[in-house]
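The values are calculated or read from the model by the stated rules, or taken from the named source; none is laboratory data. Source: prediction; values computed, not measured. With ideal geometry, Cβ positions are generated from the backbone for all residues, glycine too; neighbour counts draw on all protein chains shown. Just the protein is used for accessible areas: all its heavy atoms, side chains included, with ligands, DNA and RNA removed. Shrake-Rupley method; radii C 1.70, N 1.55, O 1.52, S 1.80 Å.
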Amino acid sequence: MEPRNRTCVSQFFLLRLSDDPDLQPLLFGLFLSTYLVTVLGNLLLILAVSSDSHLHTPMYFFLSHLSLADIGISTTTVPNMLVNLQTQSRSIPYAGCLAQVTVFSLFACLESLLLTVMAYDRLVAICHPLHYLVIMNPQLCGLLVLVSFSISLLNSQLHYLMMSQLTFCADVEIPHFFCELSQLLNLACSDIATSNILIYFIGATLAGVPLLGILYSYIRIVSSILRVSSSDGKYKAFSTCGSHLSVVCLFYGTGLGVYLSSTVSSSHRKSAVVSVIYTVVTPMLNPFIYSLRNRDIKSALWGIIIRMA
């Protein structure tokens with residue numbers, strides 16, 4: 001078959017998580033409820049932070065933007081999956097696939113960078129408590145979020161440019177439940193050597209550097225906590241990092257699981273199922289992780305519920 005120009009590719013076909021028609025309604029209900037919980041939970045967290053003056057601190061400021069990134073990741077992937085489950089269709093338009101690649105890379109990168117910024121915030125709070133409010137002033141917090149957004153936007157535009165330069169021989173099946181650039185590169189008819197080098201470089205930089213920053217922050221934090229004499233002081237210091245550390249392990253752990261499963265397993269469906277944890281489950285769990293053991297957030301949420309009642 002002669003390669004056709006990329007503008008002639010009208011649609012792609014996504015992989016189904018299950019070919020059993022009896023499971024389609026169950027999957028639809030499961031993913032719909034998960035998506036609604038994700039959006040509602042993260043919106044409530046953002047509302048609680050913005051409405052309660054006690055939560056107008058750097059940590060909760062970053063947390064509200066992390067919730068925004070979680071909503072973005074889930075909204076980029078789940079609604080299209082729900083439509084396909086409901087209509088028994090596996091297709092996604094070329095423009096929709098291009099938008100999915102771009103927006104998903106934006107919010108995934110933003111989440112990674114925000115987790116790094118939050119690790120730095122915890123580092124300053126524990127290692128330099130007397131100078132915390134001076135160092136983490138509103139101007140620096142705003143600048144850190146702005147830089148994170150800017151880098152994420154640049155990353156998404158690079159993904160857009162790489163995707164827009166690919167040529168495909170025909171309408172092809174993507175072995176994933178959403179459009180992912182690495183999967184699309186394997187299906188392209190054009191020369192992808194340069195694109196592969198670029199995407200691995202970007203991935204190593206925007207995932208590796210933030211992870212190294214988080215590891216460095218926690219090495220400093222643990223070292224500082226170990227110098228605290230009382231056990232109560234150690235517990236109080238570490239408890240301020242518990243939620244963030246849980247989210248970091250969940251985010252990078254599931255991301256690493258997706259990479260390893262795609263490398264080790266030859267089953268595309270198994271890799272796609274693992275990706276569900278990364279793109280669907282993790283954004284839903286984050287607001288619960290931060291709110292269940294946090295009295296300030298629970299108090300703010302109860303205040304919102306009482307005002308709405």
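Tabulated values for the structure
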| read-out | value |
| --- | --- |
| Pick from the stretch 235-274, criterion modelled with pLDDT of 80 or more and among the hydroxyl-bearing types (Ser, Thr, Tyr), ranking: nearest to residue 125 (Cα to Cα) | 243 |
| Selection within the stretch 118-139 - free of Cβ contacts under 8 Å to residues at least 60 places away in the same chain and either part of a loop (DSSP other than H, G, I, E, B) or more than 22 Å from residue 290 (Cβ to Cβ) (or both) | 128, 130, 131, 134, 135, 137, 139 |
| Which listed residue, of 297, 277, is at pLDDT 75 or above and either surrounded by fewer than 13 Cβ atoms within 10 Å (Cβ to Cβ) or within 16 Å of residue 66 (Cβ to Cβ) (or both) | 297 |
| Top-ranked residue of the stretch 50-72 - restricted to ones that are among the aliphatic types (A, V, I, L, M) and open to solvent by 10 Å² or more (accessible area, probe 1.4 Å), ranked as nearest to residue 137 (Cα to Cα) | 59 |
| Output for the stretch 69-96, where each listed residue is part of a helix (DSSP H, G or I), small (Gly, Ala, Ser) and in contact (Cβ under 8 Å) with a residue 12 or more places away in the chain | 69, 72, 74, 96 |
| Considering residues of the stretch 114-155 that are in contact with a Pro (Cβ under 9 Å, 6 or more places away or on another chain) and open to solvent by 50 Å² or more (accessible area, probe 1.4 Å) only, the residue farthest from residue 66 (Cα to Cα) | 133 |
| Qualifying residue in the stretch 51-68 (condition: assigned to a helix (DSSP H, G or I), touching a residue at least 40 places away in the same chain (Cβ under 8 Å) and farther than 27 Å from residue 124 by Cβ) | no |
| Subset of the stretch 12-49 that is among the hydroxyl-bearing types (Ser, Thr, Tyr) and under 21 Å from the mean Cα position of the chain (by Cα) - its residue that is surrounded by the fewest Cβ atoms within 10 Å (Cβ to Cβ) | 33 |
| Residue that is aromatic (Phe, Trp, Tyr) and within 20 Å of the chain's Cα centre (by Cα), where the choices are 216, 160 | 160 |
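Listed here are the residues, each with its yes/no results for (1) without any contact (Cβ under 8 Å) to a residue 12 or more places away in the chain; (2) charged (D, E, K, R).
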{"site": "162", "(1), (2)": "no, no"}
{"site": "169", "(1), (2)": "no, no"}
{"site": "180", "(1), (2)": "no, yes"}
{"site": "190", "(1), (2)": "no, no"}
{"site": "194", "(1), (2)": "yes, no"}
